Amino acid sequence: MNRAVARDARASPARAFGAAQARAFKTVLVNPYELGRQSFNLAAPAALLKAAGFEVLCLDLALQKLEPAALQGAGLVAIHLGMHTATRIAVAALPRIRALAPDAHLCMYGLYAAVNESLLRGLGVQTLLGGEFETGLLALAERLRNGDCAAQREPLVDVSRVAFVMPDRSGLPGLDRYAHLVLPGGGTKTAGFAETTRGCKHLCRHCPVVPVYQGRFRAVDRDVVLADIGQQVRSGAAHISFGDPDFFNGPAHAMRVIEAMHARHPAVSFDATIKIQHLLDHAALLPRLRECGCLFVTSAVESVDDRILGHLDKHHTRADFERALALCRANGIALAPTFVPFTPWTTLEGYLDLLRELLRLELLEAVPPVQLAIRLLVPQGSYLLRLPGFADGLEPFDPALLGYPWRHADARVDALHAQVQAAAMRMEDAPRAQAFAEIWRLAHAAAGLRAPPLEGASAGLPIPRLSEPWYCCAEPTDQQLQSF
């Protein structure tokens with residue numbers, strides 16, 4: 001401590017703390033897991049904090065360990081909770097983070113921070129920021145640097161617009177260490193990841209975005225998105241995966257971004273997530289998507305049972321799914337559907353119907369095995385709890401699960417889920433048609449039926465895909481928990 005600070009300490013300990021912190025206040029941003037992406041949600045706040053004079057260290061637990069040196073001297077540790085898997089990992093990592101940074105203020109931000117408020121505060125997390133978190137995170141860091149360690153003053157949920165600057169990705173592992181694009185012929189491309197919007201204007205009952213944004217979405221300024229894409233291309237990205245909950249929440253904004261991207265980087269391809277309803281409503285845009293380099297679209301189909309789709313409030317039907325698939329194929333864009341096959345309303349026949357539909361539509365190569373094992377999660381704040389009578393079938397909230405457990409009325413469905421989940425994990429790297437055949441056998445056996453042979457059935461053509469097949473609502477694996 002220098003003489004000036006020593007004099008301050010004698011006069012006022014709080015003033016001395018503020019003077020010392022003003023020299024260098026270390027903030028550590030932690031990303032537990034984000035589907036193999038180099039996180040925009042670390043890079044964006046890192047840029048704002050650095051511009052305000054903070055020392056910032058980014059730590060991605062998908063690729064890096066919780067080392068003592070990383071957390072040493074941290075005044076603020078902020079952990080991004082963008083999905084269920086990330087939250088489970090973060091909760092498990094908290095004791096080690098506390099041990100390595102005992103004096104740091106603990107903050108968690110992102111979709112799952114606000115909805116798990118009571119649990120996370122009980123674990124000692126002092127600040128929780130949901131929605132557009134950057135403004136709150138910067139305000140928190142500034143008051144901590146100034147010696148204000150009072151209880152949370154920042155809004156728990158803030159969906160006001162953020163003035164973004166170009167994300168600072170310099171503190172993250174290189175793009176070549178993250179998920180890459182796998183081409184049908186076996187080639188690969190280094191993938192970058194960008195976001196053009198946050199939130200969603202739809203209210204699908206099972207979606208974790210809905211309790212926080214409640215039907216609103218916010219756009220990231222086009223010039224910021226393009227600058228971010230540009231820096232990733234310079235770092236080797238040949239493909240951009242857009243991480244928006246729905247790329248067509250603002251179709252005009254999305255098209256302006258990809259047309260400008262294509263003009264600047266004509267060899268760069270991309271993929272995006274688009275709702276079935278939006279694929280149908282904006283079918284006229286699909287040819288231009290393909291011209292600008294769209295290789296595939298991920299869409300949360302969830303089910304082929306119209307009754308279940310109604311419960312989830314998806315605003316599409318089984319027939320709509322088939323129409324959207326045909327539109328994408330007609331325009332040279334692969335469709336990668338995602339599913340939540342195990343729900344309280346699923347029947348063994350319904351599960352078999354889903355498998356038969358994937359077989360009929362020649363989608364076996366488009367669906368990773370984990371997609372056939374996803375079980376409906378019911379987190380705190382879920383709009384599913386608004387369904388009449390739905391909560392009556394739930395067990396009390398389970399902090400370990402981060403949700404309300406449920407048991408199926410037909411024990412055979414729960415048993416099948418356990419078998420399919422084990423098979424999906426065991427065969428994650430096996431050919432998709434081979435994994436499907438095993439799940440096909442298990443599903444028929446669960447129903448007491450002999451599985452029809454699949455010889456001669458078409459699995460469909462392989463589609464471009466990212467090398468990280470996990471899913472935002474899947475349980476973390478033992479390997480993912482090794483990072484700390």
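A few notes on this one:
- Within segment 338-358, if we keep just the residues that are open to solvent by 20 Å² or more (accessible area, probe 1.4 Å) and more than 24 Å from P462 (Cβ to Cβ), the residue that is farthest from the chain's Cα centre (by Cα) turns out to be E349.
A quick yes/no check of all residues on (1) outside any strand (DSSP E or B); (2) in contact (Cβ under 8 Å) with a residue 40 or more places away in the chain; (3) among the basic types (K, R):
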position	(1), (2), (3)
A69	yes, no, no
A78	no, yes, no
I89	yes, yes, no
A92	yes, yes, no
R96	yes, yes, yes
C107	no, no, no
Y112	yes, yes, no
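- Contact map, segment 319-332: first residue free of Cβ contacts under 8 Å to residues at least 24 places away in the same chain and within 15 Å of R360 (Cβ to Cβ), second residue of a type in the set (D, E) and not in a loop (DSSP other than H, G, I, E, B), Cβ cut-off under 9 Å, separation 6 or more or different chains; pairs are A319/D306.
- In summary, helices (runs of 4 or more DSSP H) completely within segment 1-66 and bearing 2 or more residues that are modelled with pLDDT of 95 or more and surrounded by 15 or more Cβ atoms within 10 Å (Cβ to Cβ) occur at 40-51.
- Hey, L309 open to solvent by less than 10 Å² (accessible area, probe 1.4 Å), farther than 21 Å from E365 by Cα, in contact (Cβ under 8 Å) with a residue 40 or more places away in the chain and part of a helix (DSSP H, G or I) or not: no
- Residue within segment 177-184 that is in a loop (DSSP other than H, G, I, E, B) and surrounded by 18 or more Cβ atoms within 10 Å (Cβ to Cβ) present: yes
- Residue in segment 287-296 that is farthest from H239 (Cα to Cα), counting only those that are in contact with a strand residue (DSSP E or B) (Cβ under 9 Å, 6 or more places away or on another chain) and touching a residue at least 40 places away in the same chain (Cβ under 8 Å): L289
- For segment 99-114, the criterion of being surrounded by fewer than 23 Cβ atoms within 10 Å (Cβ to Cβ), under 18 Å from the mean Cα position of the chain (by Cα) and within 27 Å of I374 (Cα to Cα) is met by no residue.
- Of all residue pairs spaced 6 or more apart or on separate chains, those with beta-carbon atoms under 6 Å, a first member in segment 207-232 that is touching a residue at least 60 places away in the same chain (Cβ under 8 Å) and a second member that is among the hydroxyl-bearing types (S, T, Y) and open to solvent by 10 Å² or more (accessible area, probe 1.4 Å) are V210/Y383.
- Any hit, segment 274-288, residues being assigned to a loop (DSSP other than H, G, I, E, B) and surrounded by 22 or more Cβ atoms within 10 Å (Cβ to Cβ): yes
- First in segment 445-468 and closer than 25 Å to L416 by Cα and open to solvent by 40 Å² or more (accessible area, probe 1.4 Å), second anywhere and in a strand (DSSP E or B) and not β-branched (V, I, T), Cβ under 9 Å, 6 or more apart: E468/H180
- Residue in segment 116-128 that is in contact with a Ser or Thr (Cβ under 9 Å, 6 or more places away or on another chain), small (G, A, S), open to solvent by less than 50 Å² (accessible area, probe 1.4 Å) and not in a helix (DSSP H, G or I) present: no
- Qualifying residue in segment 395-414 (condition: of a type outside the set (D, E) and within 20 Å of L358 (Cα to Cα)): yes
- Segment 185-204: number of residues that are open to solvent by less than 10 Å² (accessible area, probe 1.4 Å) and either polar (S, T, N, Q) or in contact with a His (Cβ under 6 Å, 6 or more places away or on another chain) (or both): 3
- Flag if P452 is at pLDDT 95 or above and either within 22 Å of D271 (Cβ to Cβ) or among the hydroxyl-bearing types (S, T, Y) (or both): no
- For G131: the one exception among (1) open to solvent by less than 40 Å² (accessible area, probe 1.4 Å); (2) without any contact (Cβ under 8 Å) to a residue 60 or more places away in the chain: (2)
- Close contacts from segment 265-286, counting a first residue that is closer than 10 Å to A324 by Cα and a second that is part of a helix (DSSP H, G or I) and among the aliphatic types (A, V, I, L, M), with Cβ to Cβ under 7 Å and a gap of 6+ residues or different chains, come to I276/A324; L279/A324; L279/L327; L280/A324; A283/L327.
- H316 crowded, with 20+ Cβ neighbours inside 10 Å, at pLDDT 95 or above and part of a helix (DSSP H, G or I): no
- Candidates V209, V233, V268, filtered to the one that is of a type in the set (V, I, T), crowded, with 16+ Cβ neighbours inside 10 Å and modelled with pLDDT under 95: V209
Matching residues to (1) open to solvent by less than 50 Å² (accessible area, probe 1.4 Å); (2) modelled with pLDDT under 95:
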{"residue": "R360", "(1), (2)": "no, no"}
{"residue": "A366", "(1), (2)": "yes, no"}
{"residue": "V370", "(1), (2)": "yes, yes"}
{"residue": "I374", "(1), (2)": "yes, yes"}
{"residue": "Q380", "(1), (2)": "yes, yes"}
{"residue": "A400", "(1), (2)": "no, yes"}
{"residue": "A409", "(1), (2)": "no, no"}
{"residue": "D414", "(1), (2)": "yes, no"}
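- Selection status of R169, on the phi < 0 side of the Ramachandran plot, assigned to a loop (DSSP other than H, G, I, E, B), charged (D, E, K, R) and open to solvent by 30 Å² or more (accessible area, probe 1.4 Å): no
The values are calculated or read from the model by the stated rules, or taken from the named source; none is laboratory data. Here the structure is a predicted model, which is why all the values come from computation and not from measurement. Heads up, the Cβs are rebuilt from the backbone with ideal geometry, glycines too, and the neighbour counts pull from every protein chain shown. Side chains are part of the model used for accessible areas, which takes the heavy atoms of the whole protein and leaves out ligands, DNA and RNA. Shrake-Rupley method; radii C 1.70, N 1.55, O 1.52, S 1.80 Å.
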